[in-house]
Amino acid sequence: MISIPEPPKPVNEEVRTYKPGSADRLELVETIRRLKEEKSDIPMFIGGKNVKTGVLEAIRAPHDHKTVLAHFHMGTGEQVKMAISAALSARQKWSETSWEQRASVFLKAASLLSGPFRYKINAATMLGQSKNIHQAEIDAASESIDFLNFNVQFMADIYSIQPENNRYTWNRLEQRPLEGFVYAVSPFNFTSIALNLAAAPALMGNVVVWKPAQTQIYSAKVLMEVFHAAGLPAGVINMVFAPGKEAADVVLSHRDLAGIHFTGSTEVFQSLWTQVGNSIKSYKSFPRLVGETGGKDYILAHPSARPIEIATALSRGAFEYQGQKCSAASRAYIPESLWPKVLCHLLDDLNQFKMGSPEDFGNFINAVIDEKAFDKLISYIDNARNDPSVEVVAGGNYSKETGYFIEPTVILTRDPNYVTMHTELFGPVLTIYIYPDDQFIETLDLVDNTSPYALTGAIFATDRYAIDQASKRLVNTAGNFYINDKPTGAVVGRQPFGGSRASGTNDKAGSMLNLLRWVSPRTIKECFLPPVDHSYPFLDPVN
Ligand code: NAD
């Protein structure tokens, strides 16, 4: 009956191409059509039951805001309380379920996303979050599947870490789920991050209350369908919709809060941390606080770099998914000797970008997530246009008539501390500072000191000494550092992801390090021949 099983060895999911005429593309288009027809009412999911409040809010496509895709049932603190109770009721049974059974649920979820749910999760992400098919596929399908498959392997690896023994004793390390519930709070921009924030603690035997961002509820609902279809027992992951502050007030004042698994802006995580700190005496345990937050990610080019490679990294790294990736390049440092060629290649790329609905597969650029983000972004663009110290060298146009569209915009600044060199905008705006070729060392200092964040960064150079120098001087500027590659596109199992400074706790999603935060080890020492004499040799009488 008992064995020590080995889970299937994880392999990164192949990214599908959706080429014109392919079966994948036809299926996806058909799924988009069906989803748009459905116009469902999305309930909360608490203790295995659909919970409706009747307070309906519309979900609109960012690229076509007159189109209502669905409605969701808005909740309050009441439903958050229900979700905590449901989670705590499910806790004992789930925490005692053997690890291979837990693993099987999430491996099955991975298989479902790879097969029967692939088009649905991609279609929901395209429509609800305005991602083109490639961006949806690498996120909602591939990265989600990778998180699930790799985390099972990491879990097995964690359980296999055992202490040394000596004769007559056996030392064992048990990885207990946390005592209480975990609060997962997810951002709008990655469906896979939302999945992982809820699934990683649950895989390790914890129960979870999950609050997705309002602008991601359309695909969050599909994730919940996948968990359900995979056989996740009732109450293990409970999904609630409530205003962020209201939900946090209920959760953070609960004695059984065991951890927060957060991804989103730095300010919100700081406010959660402050609230936990202020309530610290009221909890049963010290809650684990895991937060991956904002970024002001850079590309630094050395005079030895190749202009075409820099330009490609800029156009992809800054503008894919409209720059709404925490890892998106949003500031760049280019030596003046290379700038004319870099600009020429960059403009070439930008001129080829088409912008519009993700349903038109020719569009590389889609809409930003909502009106609030749109208004904030264009205020920075307008300010740049009216500021004589900077120049908008590409893009700068926008319209919210049909959807929230902003052209990929490049600002050139002579001031390395210009506001868009250090503030996270989270949109398709890249600011470039041109430095004199002989000031590479001074520029390394600028990269280090200009922004409070330290998430991702890239050095482009062919000179090996320059690469070495940058790698060392910029050691604390990025948790994910790239050499001759764009600073986006981390892959689970290959580039564990997370940053430090104001970018978060750097607990590296997509690695064993993250899963370690969701367990509390118990050391067991068993003695086979217990001592029967209290004395030690040093007490022996001297002859
Ligand atoms: P956000 O901070 O606005 O929202 C994140 C979550 O927090 C949402 O679920 C939201 O409802 C909730 N929330 C908002 N206000 C709250 C409050 N006062 N109390 C409690 N919860 C609250 O972030 P967003 O706009 O969804 O996502 C963009 C941000 O996320 C960017 O700053 C980006 O850099 C960051 N991000 C970081 C990573 C990373 O791995 N470092 C990955 C993705 C996104």
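Some values worked out for this structure:
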quantity	calculated
Fraction of accessible area attributable to carbon and sulfur, the stretch 297-483 (%, probe 1.4 Å)	49 percent
Peptides 433-440, 122-129, 309-316 ordered by average Cβ neighbours within 10 Å, highest first	122-129, 309-316, 433-440
Extended-chain gain in nm, criterion 0.36 nm per residue less alpha-carbon gap, LYS19 and THR274	86.9 nm
Residues GLU371 and CYS344, FRET efficiency given R0 of 25 Å [Cβ-Cβ distance, rounded to 0.05]	0.10
The chain - accessible surface per residue (Å², probe 1.4 Å)	43 Å²
Selection from VAL475, SER535, SER327 lying farthest towards where the dipole of the chain points positive, charges on Cβ	SER535
Of LYS221/LYS245; LYS245/LYS372; LYS376/LYS508, those spanning more than 20 Å from alpha-carbon to alpha-carbon	LYS221/LYS245; LYS376/LYS508
Inter-label distance, nm, simple model (7 Å from Cα along the C-beta direction), LYS52/HIS228	1.3 nm
Carbon + sulfur, % of accessible area of the stretch 10-142 - ligands and nucleic acids excluded, 1.4 Å	52 percent
Relative contact order %, the stretch 297-483, counting alpha carbon pairs below 8 Å whose residues are six or more apart	28 percent
Equivalent ellipsoid semi-axes, the chain, via Cα gyration tensor eigenvalues times 5, rooted, Å	42, 31, 22
Extension reserve of the TYR159-LYS472 stretch, reckoned as 0.36 nm per residue once the Cα distance is removed	109.2 nm
Using alpha-carbon coordinates, inclination of helix 464-473 to the longest axis of the chain, degrees	60 degrees
Size of charge dipole - the chain - debye, nearest 20, with Cβ of Lys, Arg +1 and Asp, Glu -1, no other charges	1340 debye
With Cα atoms, 0 to 90° folded angle of helix 99-114 axis to the chain main axis	20 degrees
Three-way shape call for the stretch 386-454 based on the alpha-carbon gyration tensor, with the a/c threshold at 1.5	prolate
Alpha carbon centroid spacing (whole Å) that separates the stretch 1-80 from the stretch 518-543	56 Å
Length-normalised contact order for the chain - Cα pairs under 8 Å, 6+ apart - percent	17 percent
Spin-label pair SER89/ASN417, simplified geometry with 7 Å Cα→Cβ offset, distance in nm	5.8 nm
Zone of THR312's modelled label, taken as backbone nitrogen in the stretch 128-150 under 12 Å from a point 7 Å along Cα→Cβ	none
Extension gain from ARG34 to LYS281, taking 0.36 nm per residue of separation minus the Cα-Cα distance	83.8 nm
The stretch 297-483: C-alpha gyration tensor shape, a/c 1.5 cut-off, then a/b vs b/c	prolate
Dipole magnitude of the stretch 297-483, debye to nearest 20 (Cβ charges: Lys/Arg +1, Asp/Glu -1, about Cα centre)	260 debye
Helical contribution to [θ] at 222 nm, DSSP H n ≥ 4, -39,500 (n - 2.57), averaged over the chain, rounded to 500	-11500 deg cm²/dmol
Tilt relative to the chain, helix 307-319 - C-alpha long axis, 0 to 90 degrees, to 10	70 degrees
Whether the stretch 499-543 is rounded, prolate or oblate, judged on the alpha carbon gyration tensor where a/c under 1.5 counts as rounded	prolate
Sites ARG167 and GLU6, calculated FRET efficiency, Cβ-Cβ separation with R0 35 Å, nearest 0.05	0.75
Dipole moment magnitude, nearest 20 debye, the stretch 461-523 about Cα centre, only Lys, Arg, Asp, Glu C-beta charged	180 debye
Whole-number D in µm² s⁻¹ for the stretch 16-153, Kirkwood Cα-pair radius fed into Stokes-Einstein, 20 °C, 1.002 mPa s	124 µm²/s
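The values are calculated or read from the model by the stated rules, or taken from the named source; none is laboratory data. Remember, it's a predicted structure, so these values are computed and weren't measured experimentally. Note that we place each Cβ from the backbone using ideal geometry, even for glycine, and neighbour counts take in every protein chain shown. SASA here: full protein model, heavy atoms, side chains in, ligands and nucleic acids out. Shrake-Rupley method; radii C 1.70, N 1.55, O 1.52, S 1.80 Å.
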